[in-house]
Amino acid sequence: VFDRDTKVLWLPFCIDNKQVWMMKSADFGLSFSRPVNITQQLNLGLKCNDSPLCMEYGTGPGIGIQLKSSRLVVPVYYFRSKSGRGAHVLYSDDHGNTWKKGGDLGAGEEPQVVERMDGSLYMNCRFKRCKPRKIGLSRDGGITWHDPFGDESLIDAQTQASLIRLPGPG
């Protein structure tokens, strides 16, 4: 996620899909800070013991974005158990100094997110392979998601997708 205000590039990543780490670069990616473990500040509840896939957590595979409001947003996915998969965002309102977990979209994997022209967030996720992609909308920067639905016009290719919004007029 590139912060256009501070000119800092933030790089979230996971270790063993259980810990969330963050690094930053102030020279456009030529060098990076030491990684910082931000798992505890996110309050993710990464605990359970009913499945080998239990609590897999991943930042991405998409890109993070900066909203018009300057909020930094990173799409993430998780597996709570064999049936408990979902997506949400991580966000920062202080230029990456602290990060918070947004609201759950519910089912979905490998999320992509864009800010729409009206300022709302649009999240697009893989959903149960070969089904329509799962779509969610947020009007509060990812804190809550409203009425997720399967978009029948977007047939899932059983893998991640890409989503980038081009700037509109003005």
Separation of region 75-147 and region 5-22 by C-alpha centroid, Å? 17 Å
Which order do peptides 96-103, 138-145 fall in by mean Cβ count within 10 Å, highest first? 138-145, 96-103
Which distance in nm do the two modelled labels at residue 34 and residue 95 give, with both placed 7 Å along the Cα-to-Cβ direction? 2.3 nm
Calculated from DSSP H runs of 4 or more alone, at -39500 (n - 2.57) each and per residue, what is the 222 nm mean residue ellipticity of the chain, nearest 500? -500 deg cm²/dmol
Regression test value, accessible area per residue of the chain, probe 1.4 Å, units Å², expected 54 Å²
Most packed first (mean Cβ within 10 Å per residue), the peptides 115-122, 23-30, 55-62 order as 55-62, 115-122, 23-30
Roughly how many debye, to the nearest 20, is the charge dipole of the chain about its Cα centre, given +1 on each Lys and Arg Cβ, -1 on each Asp and Glu Cβ, and no other charges? 220 debye
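In the chain, carbon and sulfur make up what percent of the accessible area (probe 1.4 Å)?
Working: 4920 of 9160 Å².
Carbon and sulfur: 54 percent of the exposed surface of the chain.
The values are calculated or read from the model by the stated rules, or taken from the named source; none is laboratory data. On a predicted model such as this, the values are computed, not experimentally measured, just so you know. With ideal geometry, Cβ positions are generated from the backbone for all residues, glycine too; neighbour counts draw on all protein chains shown. SASA here: full protein model, heavy atoms, side chains in, ligands and nucleic acids out. Shrake-Rupley method; radii C 1.70, N 1.55, O 1.52, S 1.80 Å.
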